[in-house]
Amino acid sequence: MKDLFAFFRASAMSLHHRIRYQRLLREAEGYLELGLPHLAIETLQRMGDPGTFKGTHLHLLGEAFRAQGRFQEAIEALQASMDRAPSKIEIYLALGWCYKRTARLDLAIDALTQALRIDPASALLHYNLACYQSLAGEKGEALGHLADALRLDVHYRELIPGEADFDPLRHDPDFQALVSIAV
């Protein structure tokens, strides 16, 4: 009987911690949505050991660091999060974003290429990969992924004129032909 009581007490404590951690994760996510990454970090630090929520904790921490321009710290947190949730394309997108800003286009391209294995029908992944490949001088690959992005979601066409990442290709006849095709 004593063991059964201890089991129920431990289960209640565990439930209490899970609810508390979920609330703190939602709070941190809210701060990120409000553009307050420093408060998100403070909230995540209050969690202590997040246990089973470690992947989400690291993802949100990486996003907060990214929002603050602390790209190397963001990369470390996001990589650790990716190890726990290897199918979340949001993590790969954030990693690519950080790698680009740390002058590691090769790693940005690798991250999005991995993500496309998970979700090959993501226009967002194709578009961003086209941007990184354009900057890296990979014209053929960039045009291929841009064509895929436009095929999957025509609305990406509206972003092209203002997208500085395409400046290396802007005057290329193949690029001009691709973006001038009526959909």
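Here are a few things to note about the model shown:
- Search result, residues across segment 66-117 that are of a type in the set (S, T, N, Q) and not in a helix (DSSP H, G or I): Gln68, Ser87, Thr102
- Among the criteria (1) modelled with pLDDT under 95; (2) touching a His at 6+ places or on another chain (Cβ under 8 Å); (3) hydrophobic (A, V, I, L, M, F, W, C), the one Met82 does not fulfil is (2).
- Among the residues of segment 39-66, just one is surrounded by fewer than 16 Cβ atoms within 10 Å (Cβ to Cβ) and among the basic types (Lys, Arg), namely Arg46.
- The set of residues in segment 71-103 being basic (Lys, Arg) and either touching a strand residue (DSSP E or B) at 6+ places or on another chain (Cβ under 8 Å) or surrounded by 17 or more Cβ atoms within 10 Å (Cβ to Cβ) (or both) consists of Lys88, Lys100.
- Candidates Ser122, Ser87, Ser134: the one that is in contact with a Pro (Cβ under 6 Å, 6 or more places away or on another chain) and either free of Cβ contacts under 8 Å to residues at least 60 places away in the same chain or under 26 Å from Pro161 (Cβ atoms) (or both) is Ser134.
- The residue pairs whose first member lies in segment 92-119 and is within 22 Å of Gly55 (Cβ to Cβ), whose second member is open to solvent by 50 Å² or more (accessible area, probe 1.4 Å) and of a type in the set (Ser, Thr, Tyr), and whose beta carbons are closer than 8 Å, counting only pairs six or more residues apart or on different chains, are Ile118/Ser87.
The values are calculated or read from the model by the stated rules, or taken from the named source; none is laboratory data. Please read these numbers as outputs of a predicted model, since none were measured by experiment. Virtual Cβ from ideal backbone geometry, glycine too; neighbours counted across all protein chains shown. All accessible areas refer to the heavy atoms of the entire protein, side chains included, with ligands and DNA or RNA removed. Shrake-Rupley method; radii C 1.70, N 1.55, O 1.52, S 1.80 Å.
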